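The values are calculated or read from the model by the stated rules, or taken from the named source; none is laboratory data. Only a predicted model underlies this, so the values are computations on that prediction, with no experimental measurement involved. Cβ coordinates were reconstructed from backbone atoms using ideal geometry, including for glycine residues, and neighbour counts include every protein chain displayed. Side chains are part of the model used for accessible areas, which takes the heavy atoms of the whole protein and leaves out ligands, DNA and RNA. Shrake-Rupley method; radii C 1.70, N 1.55, O 1.52, S 1.80 Å.
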Amino acid sequence: MTPLAIFEEVIDASGTAARIEAMLPAGVRRRQLSVRTLLAGMCLAQADHRPAHLTRVHRALAGLPENEQRRLGVTADWKHGPHRLTYRQTEYTFALVAGALARDEPGGQPSPALQAVCDGLLEASVPEEFKDAGASLAVDWTDLESFSRPPPARGGDCADPEASWGHRRNNRPGDAGELFFGYYLSAGITMPGETGPAVPELARRMTVCSCRHDPARALVPVLTAMPAAGIPLGDVLADSGYAHRDAGAWAVPLRQAGAQLVQDLHPHDRGPRGTHHGAIISNGNLYCPATPRSLLELGPLARSATPEEAAAHDGKTAELGRYKLGRVTADDVDGYHRVACPAVTGKIRCPLRPSSMTLDRGRPEILQPPEHPQACCAQQTITVPADVLAKTAQKHDYPSKAWRRSYARRTGAERGFATAKDPASNDITRGWCRLMGLTPLMLFTACLLIVRNQRILTAWNTRQEQNARRAAAGLPPKTRKRRRKTLAGLAAGPP
């Protein structure tokens with residue numbers, strides 16, 4: 001299929017063009033440029049590595065073959081003969097669309113209609129065979145600069161009043177970050193399940209908000225709306241920037257929507273953080289009061305860790321898991337559940353639980369039990385309210401081997417932004433879009449991600465065909481070469 005046919009199929013499957021047309025005012029005469037053709041032209045401009053300028057959209061539509069121009073209305077029969085679409089008509093239709101989708105009072109966040117349009121377009125760009133296979137989402141945010149200059153230091157307005165100052169990180173040595181003027185772009189990239197087949201890393205949801213708003217809070221309603229649309233949420237992979245938000249802003253709404261969190265904990269949230277009925281609250285779980293402090297203070301494995309260090313770290317986290325109070329019931333409607341002492345569940349030996357002392361000595365043994373046992377040591381089970389572990393609880397014990405392997409999928413969000421920001425395809429630095437306001441910028445960004453999804457699907461299908469041919473020839477799948485050269489590798493090489 002040609003790129004135009006693919007984009008038309010996505011637009012028609014989403015149904016967004018018809019919904020937007022119904023929102024536009026009726027003019028004295030019919031507009032030559034329809035919303036469907038405008039969206040197709042915006043995608044064509046991005047597919048041709050062009051910036052998000054309306055002049056480029058008009059040029060992409062005017063460069064189509066004559067029969068396609070006739071079919072899409074780029075060339076129409078007027079009273080005095082054929083008439084080709086002008087730039088002024090393109091600008092007029094886009095202004096109508098942006099005005100219909102914008103908020104009445106701009107506040108730096110998309111309107112429900114604009115968010116629904118972008119959600120529909122991105123969802124339609126995901127093929128049916130990958131909708132259920134890629135239920136896990138890796139989420140993150142990045143910077144999206146406005147073309148407007150910041151407001152004057154002495155006060156006053158600027159060309160883009162919805163934009164604001166934000167902070168972004170860079171890869172320059174010795175520089176932790178810098179300020180920029182614009183918006184935060186948040187996206188959710190589909191990732192394979194922990195034991196499921198590989199899937200293409202497609203952008204499934206996105207949103208844009210002003211830097212005066214919290215990007216994590218702006219993304220939550222976008223994700224929690226997916227189950228209502230018949231799209232179940234699987235694992236949500238996020239870094240500590242999301243996990244450090246208060247529970248009501250991030251973790252609780254996603255759990256209520258059916259998501260399972262796999263996230264890195266902020267250093268301020270790691271380790272022991274109080275007690276509940278005598279049990280130690282640490283890293284999203286409850287642990288025995290006699291748990292060694294060194295185990296409770298374990299952090300995530302360093303990236304530069306050797307295999308021996310990784311094995312030692314995994315051994316310590318496995319030992320820590322023996323001291324964890326085991327869940328014996330699922331959450332009720334109010335989020336309450338019950339947990340049992342690890343000695344009751346047969347994971348450790350404790351004198352306060354005489355039956356556990358008959359277990360083999362390969363299990364850890366509590367040599368000095370508490371002199372005044374609290375409820376976690378005196379009762380068979382204790383009740384855990386919803387607010388005790390609401391912020392830090394997640395799918396796997398932190399920072400265990402299972403958590404590390406599952407969390408490694410979060411790098412898909414980084415790859416998603418890398419492909420969207422690749423200068424060889426679409427360089428979305430300042431000047432990429434010269435239209436002011438959140439609505440135009442978000443519409444063009446959605447079209448860019450649609451084009452990016454098509455590039456990912458093309459590369460995926462090509463790779464699957466290559467693997468099929470190699471399998472037919474009795475060869476193993478082709479693996480990627482390690483491109484990075486280390487100092488150790490150079491030193492071990494021949495002179």
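Observations, loosely collected:
- Once backbone amide H atoms are built at 1.01 Å from N, His83 has Ala76, Asp77, Trp78 as its partners under 5 Å, excluding neighbours fewer than 5 places away on the same chain.
- Here the 3J(HN,Hα) profile of region 189-201, calculated from phi with Karplus coefficients 6.51, -1.76 and 1.60 at θ = phi - 60°, is 9, 5, 10, x, x, 4, 10, x, x, 5, 9, x, 7 Hz, Gly and Pro shown as x.
- Sequence of Glu145, Glu8 from largest to smallest accessible area, 1.4 Å probe: Glu145, Glu8
- Spin-label model, Asp422/Phe130: points 7 Å from Cα along the beta carbon direction are separated by 1.4 nm.
- Using the alpha-carbon positions of the chain, Rg (one decimal) and Dmax (whole number) come out as 27.4, 99 Å.
- Tilt relative to the chain, helix 35-47 - C-alpha long axis, 0 to 90 degrees, to 10: 70
- Label zone at Ala492, where the point sits 7 Å out along the Cα-to-Cβ direction: region 291-309 residues whose backbone N lies under 13 Å: 307
- Based on alpha-carbon atoms, the Kirkwood radius and the radius of gyration of region 301-364 give Rg/Rh equal to 1.14.
- Built amide H within the under 5 Å cut-off of Met191, gap 5+: Ser136, Leu137, Ala138
- The label point for Ala459 and the one for Thr306, both projected 7 Å from the Cα toward the Cβ, are 3.5 nm apart.
- Whole-Hz couplings from phi, Karplus 6.51/-1.76/1.60, listed for region 320-327; x for Gly and Pro: 4, x, 5, 8, 6, 5, x, 6
- With semi-axes defined as the square roots of five times the eigenvalues of the C-alpha gyration tensor, the equivalent ellipsoid of region 164-252 measures 26, 17, 13 Å, largest first.
- Excluding ligands, DNA and RNA, the accessible surface per residue across the chain is 51 Å² with a 1.4 Å probe.
- Kirkwood hydrodynamic radius of region 49-186, Cα pairs, Å: 19.3
- Separation of the Leu352 and Arg168 label points, Cα + 7 Å toward Cβ, nm: 5.3
- Per residue Cα convex hull volume in Å³ - calculated over region 318-443: 196
- Calculated from backbone phi, Karplus (6.51, -1.76, 1.60) coupling profile of region 144-155 in Hz, x at Gly/Pro: 9, 6, 8, 6, 6, 6, x, x, x, 5, 7, x
- Between Gln379 and Glu297, the contour length at 0.36 nm per residue exceeds the Cα-Cα span by 26.9 nm.
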